[in-house]
Amino acid sequence: MTKIIPNTIFNFLFILFLFGLCGCATYSLNRIPVHSTKYYQVKTKDGRILTLMRIRPRTLKPDPVLLLINSPHLNHFFWNLHPSVDLPKYMARRGWDVWAFTFRSIKESEADKKLYFEDYIFYDLPAVMETVKKMTHTKEIAALGYSFGSTVLTSYLMETKDPFISRAVMVAAPIRYEFPLTDSFYLGLESGVADNVYFNLANIKESVQRDFSETALEPIPEPIIKFYHSLIHTGGLEYDLSSFKIPVLFISGKKDNLASTQNMLFSFHQLGSKDKTFREFGKSNFYKSDYNHYDLILGKDARNEVYPYIAGWLAEHE
Amino acid sequence: MKSTLILPAGWLNMNKKRILLFLFLLTGCAANRVIYPVSPSYEKIYFAKTEDGWQLAVYHYPPKGVPQGKPPVVLCHGLNQNYLFWDLTPEWSFARVLSEKGFDVWSVSLRGSGRSTKPGWAQFLELNQLSPELLEQHQYDIRKFNWNMDDYILKDLPVLIDFVKQKTGYSTLSWIGHSMGGMAMAAYLGLNPDPSIENLILIGVPGKINDPKTDLLQDIIKQEPLLKMSLFINTRNLTNLTAPISDQLHGPLQILSYNTQNMTKEILARFNTHVIENTSPGVVTQMKLMVQKGDFYSSDQSRNYTAQYHKIQAHLLCVAGKLDNLATPSSAHFIYNAASSQDKTYRLFGVANGYSADYGHNDLILGKKAPEEVYPYIIGWLEQH
């Protein structure tokens, strides 16, 4: 008798241990490991060189492709400033082949002074699309435009009607402006506006904010600033948005002053897409905080609140 | 048979506890009124009578200092509130500031609020408020327990406008409406364009409910039983109870009504103790209809008030709060866009316009810096018109 009791307990514990081991193993099978990040260089038609970043899951089947288009005043480092705010890896773990890139900038040579908004649409984006097409052999991709990147994406779609992009996510997208504008627009965006206009300081880690200004920010070419100002004062892109037909998700932050909910709703209602969704990230939709412009991607809770919403919508529209 | 009559053990004990709790809460409510006193500074109170026999209280703040010589200004509170919204403390008193600037100010309480006629059952729940004087004025009437927004628009507003015009001798006036007080006037002007409203100032007024609706609003209108119970719920005492801890609460109603970070604890407590009034089921049902449909309809759905906003001709100032979740910036912008006024202004109160904070719904008047930021803006606009 004295021997049986410890044996039963031992057996029970051993079986439990085996169960646990299997459980852990199946769990890790479920998780898609992520390949190390790869970088590519692409030459545009007019001879400029762009850097592309690719993060893909280590799976055998071809993955759906997601192209991240950030604002031209940011580089691709914006997407992985910190492991806690890494949207590409988050998406790659969910089975997406994620691409990001940096638009041409003024750093490289003097010729860049002739940089125009149209260069992004007719040279940069087509070159990126071509590379993605060649490397992934896919017929259609999803695109996510962030901030001014969505303005570029919208213009690209309206100009080229490229069927390669089959669905789009617009995060904090300034597309059209409903007048009257706020003073910070009239005063000039680049001059002396407090941080809390673009960040909800309570919703962002200090280190992330510091890294953002040290690593992710790029100088904005002067013609682009001028173009943006003209956009603001004329009410935004002049395309007939009713011919915008692909499924689209709009994401806005309640506190956002650059791409305010008001202006984004104004643009959203003009879109011709039958399948369109608008989501505002603020307390009135039961999120932890009212999001501002940059914290939609870099916020403390973005990983738990914004990313899952984007991933969910993209999974629904795969 | 006998056993069924025996009450469960400890019943008596439980009941005692409940009675004690009830008494504790009752004294708590009464205590709040002592801890957070208000001292409204109106000079005289008048009563206007509607055609269906309701008495409406009108509080007069005559001009102090140099009179502006401008048409009288009428202040109208919002949903479930009373005139104290405009005169909560000496510092946060828009009515007082206006009268000191030389305006002739008339602050009104719509039916069911302030010292206007109220349902009779409130008599029992607001024992601590009752005085022989109030009883004499028939403030409480057991037959008058239900009313809706159409009553405000069709019965209260014409009487109030006529009353102020008659008392002052002016043929025009400026109307300042917060939230529902502005909605009612916008709807009234849409129905019968009244030239006597010269200036219309709408503070946090939703023109329509934006599409897509927020989860918060959708969730609230799903609480059908709760809304129907609004006949019996005493909202006033509910908020009164939570007044001392109101700065700690971050529930759905708080998100809808103010930006907690932009209000001081004292103001919040006073607001919850004195300003909130009891709900009428008719008004709640009509608000629910508005959230469901997007547009503002009459209670029998025969009239769409939102569709009539283009008839507004008065000089218009729309004031919106960036963090307002009831009258969102785009919702307030809707009336601005729709009105055919020659002279109209839209102002958003948020950090993007250089203000100290992003304003919520009630903090447009009661916010920390509202007396320094919002009041001067509105008064400046009034002086120009």
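The values are calculated or read from the model by the stated rules, or taken from the named source; none is laboratory data. What you see is a predicted model; the values in this text were computed from it and never measured. No Cβ is skipped: glycine too gets one built from the backbone with ideal geometry, and neighbour counts run over all protein chains shown. All accessible areas refer to the heavy atoms of the entire protein, side chains included, with ligands and DNA or RNA removed. Shrake-Rupley method; radii C 1.70, N 1.55, O 1.52, S 1.80 Å.
Remarks
- On Cα atoms only, tilt of A:125-136 relative to the major axis of chain A in degrees: 30
- Helix A:4-30 axis versus longest C-alpha principal axis of chain A: approximately 20°, rounded to the nearest ten.
- The helix-only estimate of mean residue ellipticity at 222 nm for chain A, built from DSSP H runs of length n ≥ 4 each weighted as -39500 (n - 2.57), is -10500 deg cm²/dmol after division by the residue total.
- Förster radius 45 Å - calculated FRET efficiency between A:LYS89 and A:LYS274, Cβ distance, rounded to 0.05: 0.90
- Share antiparallel - DSSP beta bridges, the stretch B:39-126, percent rounded to 5: 70
- Normalised by the number of residues in the stretch A:180-318, the mean separation of alpha-carbon contacts (under 8 Å, six or more apart) gives a relative contact order of 27 percent.
- Residue list for the stretch B:266-290, given a label point 7 angstrom along the Cα-to-Cβ vector of B:ILE245 and an amide N cut-off under 17 Å: B:266, B:268-270, B:272-273
- Axis of helix A:148-160 versus longest Cα principal axis of chain A: the two differ by about 70°, to the nearest ten degrees.
- Overall form of the protein assembly as shown per C-alpha gyration tensor (a/c, 1.5; a/b vs b/c): oblate
- Cross-link check: pairs B:LYS44/B:LYS311; B:LYS167/B:LYS265; A:LYS61/A:LYS89 evaluated at a Cα-Cα cut-off of 27 Å; pairs beyond the cut-off: B:LYS44/B:LYS311; B:LYS167/B:LYS265.
- The packing ranking, built from the mean of other Cβ atoms within 10 Å per residue, places the peptides A:281-291, A:247-257 in the order A:247-257, A:281-291, highest first.
- Label-point separation in nm, B:VAL291 to B:GLN384, each point 7 Å along Cα→Cβ: 3.6
- What the phi angles of the stretch B:314-319 give under the Karplus curve with 6.51, -1.76 and 1.60, with θ = phi - 60°, is a coupling list of 5, 4, 10, 10, 9, 10 Hz, glycine and proline written as x.
- Residue list for the stretch B:87-117, given a label point 7 angstrom along the Cα-to-Cβ vector of B:GLU43 and an amide N cut-off under 16 Å: B:95-107
- Antiparallel beta bridges, as assigned by DSSP with both residues in chain A, represent about 35 percent of the total such bridges.
- For the residue pairs B:LYS118/B:LYS222; A:LYS205/B:LYS344; B:LYS288/B:LYS344; B:LYS208/B:LYS369; A:LYS133/A:LYS283, alpha carbon separations beyond 32 Å are given by A:LYS205/B:LYS344; A:LYS133/A:LYS283.
- Evaluating 6.51 cos²θ - 1.76 cosθ + 1.60 at θ = phi - 60° for every residue in the stretch A:74-88, the Karplus couplings come out as 10, 10, 5, 5, 3, 6, 10, 6, 7, x, 7, 10, 9, 5, x Hz, glycine and proline recorded as x.
- Dipole magnitude for the stretch A:164-286: computed about the Cα centre from +1 point charges on Lys and Arg Cβ and -1 point charges on Asp and Glu Cβ, it is near 600 debye.
- Annotation for the stretch A:41-129: trypsin sites (Lys or Arg not before Pro) lying in DSSP loop with at most 12 further Cβ atoms inside 10 Å of their Cβ are A:LYS45, A:ARG58, A:LYS107.
- The stretch B:32-78 and the stretch B:352-385: distance between their alpha carbon centers, rounded to Å: 21
- Extension gain, A:TYR116 back to A:THR51 (0.36 nm per residue minus Cα-Cα distance, nm): 21.5 nm
- Interface size B-A, as summed buried accessible area [1.4 Å probe, Å², nearest 100]: 2200
- Cα centre as origin, Lys/Arg/Asp/Glu Cβ charges: the stretch B:162-224 dipole, Debye: 160
- Those trypsin sites (Lys or Arg not before Pro) in the stretch B:237-296 that DSSP places in a loop and that have at most 12 other beta carbons within 10 Å: none
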